Amino acid sequence: MTVVTREQIVHWLELTVTVLNENKDYLTQLDSAIGDADHGTNMDRGFRKVAEKLPTVADKDIGNILKMVGMTLISSVGGASGPLYGTFFQRGGMAADAREELSADELVTVLQGAVDGVQARGRAQPGDKTMMDALLPAMAALRAGVTAGKDSLGAMEDAVAAAEQGMKDTIPLQARKGRASYLGERSIGHQDPGATSSYLILNALLTALKE
Amino acid sequence: MKKLINAIPDVVKEQLEGMAAAHPDELKVHFEPNYVYRADAPVAGKVAIISGGGSGHEPMHGGFVGMGMLDAACPGEVFTSPTPDQMYEAAKAVNSGAGVLFLVKNYTGDVLNFETAAELAHGDGIPVQNILIDDDVAVKDSLYTAGRRGVGTTVLVEKIVGAAAEAGYSLDQCSDLARKANQYGRSMGMALTSCTVPAAGKPTFELGENEMEIGIGIHGEPGQKRMPLTSADEITEMMAMEIINDGAYTRVVREWDRDAGDWYDKSLTDAPFQKGDKVIAFVNSMGGTPVSELYAVYRKLDEVCKANGIEIVRNLIGPYITSLEMAGMSITLMKTDDEILKFWDAPVKTPGLRWGV
Ligand SMILES: Nc1ncnc2c1ncn2[C@@H]1O[C@H](COP(=O)(O)OP(=O)(O)O)[C@@H](O)[C@H]1O
Ligand SMILES: [Mg+2]
């Protein structure tokens, strides 16, 4: 596989809608342990709106498609995850610009822009028990894979494996950002809901690349 | 769940429709995106004060829209922060040209959504600033947490800064006053029962018949510690002393640089209370506790303050920043000076707070 096509990006977003809907109760259950029991509902509400709007932009360039997703999430999710995932897709869209397909290097640039956006907005550090703990290792693995000469699919496989590990590694962490931080030591022993949704979103991209 | 509800998805919408019907002189409601705004907005030459947050804390914030307080309020779903499009549209609707001050309770969701809104408003050429309210002494440090939550002080800051804007303060003057009043205020809350978010259908946590939760926020989240229930006097004394003895509190906040069009970090330290301080005392019901019990609390609070050399010069007693039907209360003490007292005493005409008119 040489490039990531616009159709694959659209398919990624469709898969994300489905996956977040299927995992709505699971994500909310994770958030009820260390948050306020709304992460699944928030994400599902936002991506349902994305599903409504996707057909209207499906023939636009990748930048436009991703920016539409960002704006939709920002205006429909609320909570901490709304502006964070909204920024993820907006900044990804800005990095993708008017491209209609992405080389492996360009995929790295787009996802790096997305992850940098989340970090700038939320300012979480590695180990704070947030979505960054899935996103940062995934980015590092993706970049390493592409630098080592892997194609997008191969590098994305590494990235998703790293995201999954990062997600699981949030379990022993004590939260230092977001609502969960108010629990102090009581946040230890639970998997972070945002890291989990980040893994699910990246995994949906991998699935789209395989098809 | 026993509630006066028609359909769960309509809870926020129907509440707003009721407010619009009840208070046409003070406010109007815009739907999609949802915001409550002053009936006479934009008020020529006046800085617009906007707040917002999850629903379920009524009368805050929508009930504080009107002359001398807020120009607009953005209600989210129950206990979920509102979205930037609500704040941005509200800002455009009430900005007279003198700019917009967002008063933001310190919860990650509210902070990030209001920051996004400020960037959008700035992009439209609206002068804007965000000031955080973070007064909950139950959160001890800001290094290992998202920092102190915004609770009771919010009501007092909205009243004081709303009056200053009415009196012609500029955006920077309103921002400085809001920051100062927030730094002068400290609060602590406790719960006798949990509360039920309509969409969840069951109480957020369980409290035994003889238990109480100390150091709660306003979203039904568990607090600092669970303890055996004791007397009103003991609970009041314990909470008042936590507030009075609270040491200096330092954290870094983000404020907006209008010239650079970017955020910058500002380190703030709140000084502890001192003997001789004159304060506003605010005893608040979390929703389910009757006013009669709040007066019992106030009686003891007055005694404890006197014993510690703190003079209560104004008070506010009642349900103003609630957590649905939760039984429990919060205590807020805010140090005052001439500027703060002048604006506290100034006229206000809103559905939730009204005097001097
Ligand atoms: N400052 C932050 N940076 C990155 N991610 C964060 C930050 N604060 C919270 N999060 C993520 O947001 C998730 C919670 O999202 P959600 O439940 O939708 O919002 P809320 O906490 O406002 O209810 C957490 O699990 C965490 O991964
Ligand atoms: Mg949550």
If we keep only residues of region B:132-149 that are farther than 15 Å from B:Gly109 by Cα and among the β-branched types (Val, Ile, Thr), then the residue nearest to the other protein chains (Cβ to nearest Cβ) is B:Val139
Reported set for region A:172-206 where residues are of a type in the set (A, V, I, L, M, F, W, C), assigned to a helix (DSSP H, G or I) and within 13 Å of another protein chain (Cβ to nearest Cβ) is A:Ala180, A:Leu183
Per the filter on region A:7-36, residues under 20 Å from A:Leu173 (Cβ atoms) and open to solvent by less than 40 Å² (accessible area, probe 1.4 Å) are A:Leu27, A:Leu30, A:Asp31, A:Ile34, A:Gly35
Filter region A:40-53 for residues that are within 12 Å of ligand 2 (Cβ to nearest atom) and in contact with a Lys or Arg (Cβ under 9 Å, 6 or more places away or on another chain); the one that is nearest to the other protein chains (Cβ to nearest Cβ) is A:Thr41
Only one of B:Ala240, B:Ala191, B:Ala260 is over 30 Å from B:Lys342 (Cα atoms), at pLDDT 95 or above and open to solvent by less than 60 Å² (accessible area, probe 1.4 Å), namely B:Ala191
Taking region B:112-127 and keeping only residues that are touching a Gly at 6+ places or on another chain (Cβ under 9 Å) and open to solvent by 20 Å² or more (accessible area, probe 1.4 Å), one is left with B:Glu119, B:His122, B:Gly123, B:Pro127
Of A:Gly189, A:Gly154, the only residue that is open to solvent by 20 Å² or more (accessible area, probe 1.4 Å) and away from ligand 1 (no atom under 14 Å from the Cβ) is A:Gly189
When every residue in region B:83-111 that is surrounded by fewer than 23 Cβ atoms within 10 Å (Cβ to Cβ) and part of a loop (DSSP other than H, G, I, E, B) is compared, the one nearest to the other protein chains (Cβ to nearest Cβ) is B:Gly99
Here, strands (runs of 3 or more DSSP E) confined to region B:203-322 with at least 1 residues that are touching a residue at least 60 places away in the same chain (Cβ under 8 Å) are B:211-214, B:249-257, B:262-270, B:278-285, B:311-318
Reported set for region A:82-99 where residues are open to solvent by 10 Å² or more (accessible area, probe 1.4 Å) and at the interface with chain B (Cβ under 9 Å from one of its Cβ atoms) is A:Leu84
Determine, yes or no, whether A:Ala162 is away from chain B (no Cβ under 13 Å) and not in a loop (DSSP other than H, G, I, E, B). yes
Going through region A:157-176 in order, the residues found to be within 15 Å of ligand 1 (Cβ to nearest atom) and buried (at least 23 other Cβ atoms within 10 Å of the Cβ) are A:Ala163, A:Gly166, A:Met167, A:Thr170, A:Ala175
By residue number, the members of region A:100-134 that are within 14 Å of chain B (Cβ to nearest Cβ), in a helix (DSSP H, G or I) and within 20 Å of A:Asp31 (Cα to Cα) are A:Val118, A:Gly122, A:Met132
Report task. Tell me, please, whether a residue that is aromatic (Phe, Trp, Tyr), away from ligand 1 (no atom under 15 Å from the Cβ) and touching a residue at least 40 places away in the same chain (Cβ under 8 Å) can be found in region A:79-97. Result -> no
B:Leu143 open to solvent by 10 Å² or more (accessible area, probe 1.4 Å) and not basic (Lys, Arg): yes
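The values are calculated or read from the model by the stated rules, or taken from the named source; none is laboratory data. Treat the numbers as computed from the prediction; the structure is a model and nothing was measured. Reconstructed Cβ throughout: ideal geometry from the backbone, glycine too, with neighbour counts over all protein chains shown. These area figures cover heavy atoms from the full protein model, side chains too; ligands, DNA and RNA do not enter into them. Shrake-Rupley method; radii C 1.70, N 1.55, O 1.52, S 1.80 Å.
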